[in-house]
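The values are calculated or read from the model by the stated rules, or taken from the named source; none is laboratory data. A quick note: this is a predicted structure, and the numbers were derived from the prediction, not measured. Don't worry about glycine lacking a Cβ; one is built from the backbone with ideal geometry, like all the others, and counts go over all protein chains shown. Just the protein is used for accessible areas: all its heavy atoms, side chains included, with ligands, DNA and RNA removed. Shrake-Rupley method; radii C 1.70, N 1.55, O 1.52, S 1.80 Å.
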Protein chains: 2
Amino acid sequence: MSRAASAATKPPNGAETLLRAAVDAGLEVCFANPGTSEMHFVSAIDSVSANTAGIKGGLRAVLGLHETVCSGAADGYARMTRRPALTLLHLGPGLANGLANLHNARRAGTPVVNLVGDMATWHKAADPLLNSDIGALAAAVSCHTHTCQPGENLSAAMAAAVAATAIGGEGASQAAGGSRVATLIVPHDLSWERGNDTATEANPVGSGTSGPAAHAPAALPHSQHSIAAPAPGLPAGAQRFVREAAAALKACPRGKAALYIGGRAALAEGEALLSCGRIAAATGAALLCENAFARLDRGAGLPDVQRLPYFPQDAAAELAKYELLLLLDARPPVANFGYEGGPSRLVTLPEEAVWEFDSGLVDLPAALRLLAEELGAAGITPGVNCRGTFCSPSRPPVPTGRLTAAALCQAVAALQPAGAVVVDESLTSGGSYFSVSRGCPQFSHLTLTGGAIGAGIPLTVGAAVACPDRTVINLQADGSAMYSLQGLWTQAREQLRVVTVICANRSYAILKVEQAKQRITLSNGKASRALTDLGSPALDWVSLAQGMGVPASRATTCEELVAALRTAMQRQGPSLVEAVL
Amino acid sequence: MSRAASAATKPPNGAETLLRAAVDAGLEVCFANPGTSEMHFVSAIDSVSANTAGIKGGLRAVLGLHETVCSGAADGYARMTRRPALTLLHLGPGLANGLANLHNARRAGTPVVNLVGDMATWHKAADPLLNSDIGALAAAVSCHTHTCQPGENLSAAMAAAVAATAIGGEGASQAAGGSRVATLIVPHDLSWERGNDTATEANPVGSGTSGPAAHAPAALPHSQHSIAAPAPGLPAGAQRFVREAAAALKACPRGKAALYIGGRAALAEGEALLSCGRIAAATGAALLCENAFARLDRGAGLPDVQRLPYFPQDAAAELAKYELLLLLDARPPVANFGYEGGPSRLVTLPEEAVWEFDSGLVDLPAALRLLAEELGAAGITPGVNCRGTFCSPSRPPVPTGRLTAAALCQAVAALQPAGAVVVDESLTSGGSYFSVSRGCPQFSHLTLTGGAIGAGIPLTVGAAVACPDRTVINLQADGSAMYSLQGLWTQAREQLRVVTVICANRSYAILKVEQAKQRITLSNGKASRALTDLGSPALDWVSLAQGMGVPASRATTCEELVAALRTAMQRQGPSLVEAVL
């Protein structure tokens, strides 16, 4: 009582002001690993939750035992809710630990707001041991990096950071490369000082902001047909663009056009994906999607989308079939790596044959609806007046006998419940899951968007926090799982409904494939074996999971895997199955 | 046979050239976590080892299952050998994962050479999904960041990187802030192309190098008395400086001078630390050392050094006792954090009372020997003609009964073998270890230099690779251990002689101390508890260790801990004891 009374009479401190502004902007979750310089935020989470109870519900604080869990969880949360979560990270090293998954979030185009402490303004020049250039690290992944200044309006600084993560926000600029990650750096003293919730003349809002800067990687030049409409709705220019695209699609020979789906075009929300299917059904255009997609809604009744192959020659061969390409919230596909002899960019069509519905287009679903209308496809209903193009309900049989990578994929597809969220960082082992799961009850499929391994377990944390009523299944390569196994503890702590399936091939199998791909000859192979083989000693995932409070079992046959999955799917909390391949 | 013959006729590829140059520069170990763009290096490690067998022994490749293990291991290796190891890291995300421990290495002043792959030169502009600004990340921790260029002499590029990590190298510049970390970025195509081992006119060596740049944090201004002598030996200017310092010491009232020891002054090598002790014995000067030291050689017969307290008020109170301060390869002490009301810098003496023997002084041991001679202290021999100042042999008794943090420290000090390497990331639990271990048989004590937690386990990997004949003991806080537990697997893989003692207090106890220190009042404490308590669920370190192939046991009493430690010290490979506090 007395504490509440004193809170009412004292102006809020900086940490309270910032978090209150975050709650006011609609943020609900903070994935945190704080340190000394963030302790006022820790306290403020309580104060914000207490003061806003019944109004906004306050902030839910979720602890990660390594920052990569926090940043990856924020990515997973936003892939499911389309809204940013906060991360709370400790200085430069804390941010550095979270960068790999922020890189993945940047490539996924998911909104994230990082709060990072810094040394007190009057102490920074003394270069204390934890001091570093946080802004330089943040700029590598952020569309908006801002260091709060003394006297600045902190509420406005938070509002600007959240706004930067919006569709059509700062991330829509070419220099930001599609990133919707914003980073707010808060010197220690600003978090404890009170009354910094109004701006002064001397320090207007945003004076310390650096937008997408020299550090942002070069963006691809946009194609000739490119729209970027930051205003909501579908402005006249966008409507004209859509009608011209429709005309081009109509003029294209049947089977010679392709829709290339990414971002929001891949989601059920706003019928975006349904519109894609309708357009394909009406025009005979192929439906392709990114190989690494942030989230693709899939299953019976949704469009049957073909995933672009991983290796560039295969992807280029697929793309070479088409004379017209619509890029729907997807960057033009390029090779993941430049192998000897190329290729680099995979789209070889002339610019006028590429229509880019880009990430700056605020109301993409409306644009896709209009496109469907223009093509007379708006009335197409899967299973009613349309055969093909959309997936029919079907399940593979439950596998039996020897446990292989393909059998593992089959088992998951055979058993996954309706509405599952499948977080797929299975790399080599999960190759067949995409096709074998096409007729499953509708589900959301999330993959590794930035290639920085270690995303899987953290993504499950965020997805499960976002969707407590859906079962989250993690198809998880063992080598990659080791990058962020700490996330299992958060699954247990929060009793998240996550079923982790470890694909235990006990090697960096992808690297062995890459060695062959690059035709690397080995002198004696000792180092090559040492650096790609994880079998000596074998990782015991049952022990690792149990060590963090997650019930676990091991499967060496299909029967064991199926039994373990059936048990796991029934649980309200997390569990893990190590599938020994 | 045929492969060797073909290797002899083909010019080496870029990866082979770079690694051969590293071996030629004396590097022997590569802590690696490679990816697609580093696969030619993986192969080249074999080829270099095969081709140089019997000459240099080639490169030993050690795999870490997360890059923080690699970078921390390189730090630990160099703290013990005083020579750099290579790391091999995959692109920007791989480097990002290693940054926290590179930050610690930077603060430790240890030499490290990072090899980081990049996209092929002709592919970078396509901005493939794993593309990022590697140089910006590297610059945050490196004194030397260089991206190899087509046609460049790659041997020379490697030689320059190694040279930059030398004492008196680029790290000696103020802008580099004492960092001896060098990062060489190698585009994928340069690693496979052959014949790039000679420079061309168009691309002279080093044309792409950026030295310590705008990203380097501001260095402290040097004191008035500052020497930086990059040439070996003790040049005339340095000799004059030492004689003046000796005169100042003589003129200072007894008990009013202090030697503040860091870096190489803290090592037995070159009798540097012995000289410090002789000077203190002769003059009555106090012997202080950094609170966070890279490596302090300690034990019976070595100087009895007092560690500067962690919290700034305590440290300032200690420093306020002195009128004259000699900084021996140590940065002037500053507060780790700026708390409300300060302080910031801890040395308040006038500039003329601070004598800085800085990290650029190549032959520091010679300078300390000369200083001892000038003070008539060269003949002082501990235990012979000197009482006090040096530690007498003594061991605490083996503890019994209830297992507390203090009892844990006592047990380790009672049992550690001669020549142990004690890697101490115990934070709150290990507070008493420093004093209770002062009379142990000589050992090396390593601590967390940059404050970026997660250094402990990786440091043990590097120290054990460097010193296979010494027992490495890790006093390890549980929360920090979770940051880099993957290193336990490398301990098992390489059968390293490491005894890990987990101080399992099941909380971020340091943060609770910090909350009290910062007088943070809590509204309801829910988030505060959620973000500092690790007890729900409790981490089971026995399971975690066994899951990575490290034998482990749990101790809940002193008797159990002592028995477990006795067994562990006998093993040739790794083991872990979870001490439940």
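Would it be correct to say that B:A294 is surrounded by 23 or more Cβ atoms within 10 Å (Cβ to Cβ), among the aliphatic types (A, V, I, L, M) and assigned to a loop (DSSP other than H, G, I, E, B)? It would help to see each step written out before you state the result.
On the way: surrounded by 23 or more Cβ atoms within 10 Å (Cβ to Cβ): yes; among the aliphatic types (A, V, I, L, M): yes; assigned to a loop (DSSP other than H, G, I, E, B): yes.
Spelling it out, B:A294 is indeed surrounded by 23 or more Cβ atoms within 10 Å (Cβ to Cβ), among the aliphatic types (A, V, I, L, M) and assigned to a loop (DSSP other than H, G, I, E, B).
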- [ ] Filter region B:171-192 down to the residues that are outside any helix (DSSP H, G or I) and at pLDDT below 95, then identify the one that is farthest from the chain's Cα centre (by Cα).
- [x] B:S173
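Results for (1) at pLDDT 95 or above; (2) more than 14 Å from chain B (Cβ to nearest Cβ); (3) part of a strand (DSSP E or B), shown as yes or no for each residue.
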residue: A:T198; (1), (2), (3): no, yes, no
residue: A:S207; (1), (2), (3): no, yes, no
residue: A:A213; (1), (2), (3): no, no, no
residue: A:A219; (1), (2), (3): no, no, no
residue: A:H222; (1), (2), (3): no, no, no
residue: A:S226; (1), (2), (3): no, yes, yes
residue: A:Q239; (1), (2), (3): no, yes, no
residue: A:E244; (1), (2), (3): yes, yes, no
residue: A:L259; (1), (2), (3): yes, yes, yes
Task: region A:114-158: number of residues that are at the interface with another protein chain (Cβ under 9 Å from one of its Cβ atoms), under 30 Å from B:N131 (Cα atoms) and charged (D, E, K, R) - done: 1
TODO: Name, by its number, the condition in (1) touching a strand residue (DSSP E or B) at 6+ places or on another chain (Cβ under 9 Å); (2) open to solvent by 10 Å² or more (accessible area, probe 1.4 Å) that does not hold for A:A120.
DONE: (2)
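Kindly check whether there is at least one residue in region B:561-579 that is within 13 Å of chain A (Cβ to nearest Cβ), open to solvent by 20 Å² or more (accessible area, probe 1.4 Å) and charged (D, E, K, R). Steps first, answer last, please.
If we filter region B:561-579 for residues that are within 13 Å of chain A (Cβ to nearest Cβ), which is where we start, we get B:573-574, B:576, B:578.
Keeping just the survivors that are open to solvent by 20 Å² or more (accessible area, probe 1.4 Å) gives none.
No, region B:561-579 contains no residue that is within 13 Å of chain A (Cβ to nearest Cβ), open to solvent by 20 Å² or more (accessible area, probe 1.4 Å) and charged (D, E, K, R).
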Open item on the list: Which numbered condition in (1) assigned to a helix (DSSP H, G or I); (2) open to solvent by 10 Å² or more (accessible area, probe 1.4 Å) is the only one that B:G168 fails?
Closed with: (1)
Task: Whichever residue in region A:487-544 is part of a helix (DSSP H, G or I) and of a type in the set (G, A, S) and, among such residues, is most open to solvent (accessible area, probe 1.4 Å) - done: A:A516
TODO: Pairs only if they're at least six apart or on different chains, beta carbon under 8 angstrom, first in region B:334-352 and more than 7 Å from every other protein chain (Cβ to nearest Cβ), second among the aromatic types (F, W, Y) and buried (at least 19 other Cβ atoms within 10 Å of the Cβ); list them, first residue then second.
DONE: B:L349/B:Y322
Open item on the list: With surrounded by fewer than 20 Cβ atoms within 10 Å (Cβ to Cβ), of a type in the set (D, E, K, R) and more than 30 Å from B:Q518 (Cα to Cα) as the only criterion, which of B:D358, B:D314, B:D304, B:D363 stands out?
Closed with: B:D304
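Kindly indicate the residue of region B:446-486 that is part of a loop (DSSP other than H, G, I, E, B) and away from every other protein chain (no Cβ under 13 Å) and also surrounded by the most Cβ atoms within 10 Å (Cβ to Cβ) among those meeting that condition. Steps first, answer last, please.
Step one: of region B:446-486, the residues part of a loop (DSSP other than H, G, I, E, B) are B:448-455, B:467-471, B:482-486.
Filter once more, so that each one left must be away from every other protein chain (no Cβ under 13 Å): B:467-471.
Working: B:C467: 20, B:P468: 12, B:D469: 6, B:R470: 18, B:T471: 22.
Filtering region B:446-486 for residues that are part of a loop (DSSP other than H, G, I, E, B) and away from every other protein chain (no Cβ under 13 Å), the one surrounded by the most Cβ atoms within 10 Å (Cβ to Cβ) comes out as B:T471.
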- [ ] Please verify whether region B:382-402 includes one or more residues that are within 30 Å of B:A251 (Cβ to Cβ) and β-branched (V, I, T).
- [x] yes
Open item on the list: Conditions first: (1) under 16 Å from the mean Cα position of the chain (by Cα); (2) among the small types (G, A, S); (3) surrounded by fewer than 22 Cβ atoms within 10 Å (Cβ to Cβ). A:S435 passes all but one, so which condition is the exception?
Closed with: (1)
TODO: State whether one or more residues within region A:70-83 are out of contact with any strand residue (DSSP E or B) (no Cβ under 9 Å at 6 or more places or on another chain) and not hydroxyl-bearing (S, T, Y).
DONE: no
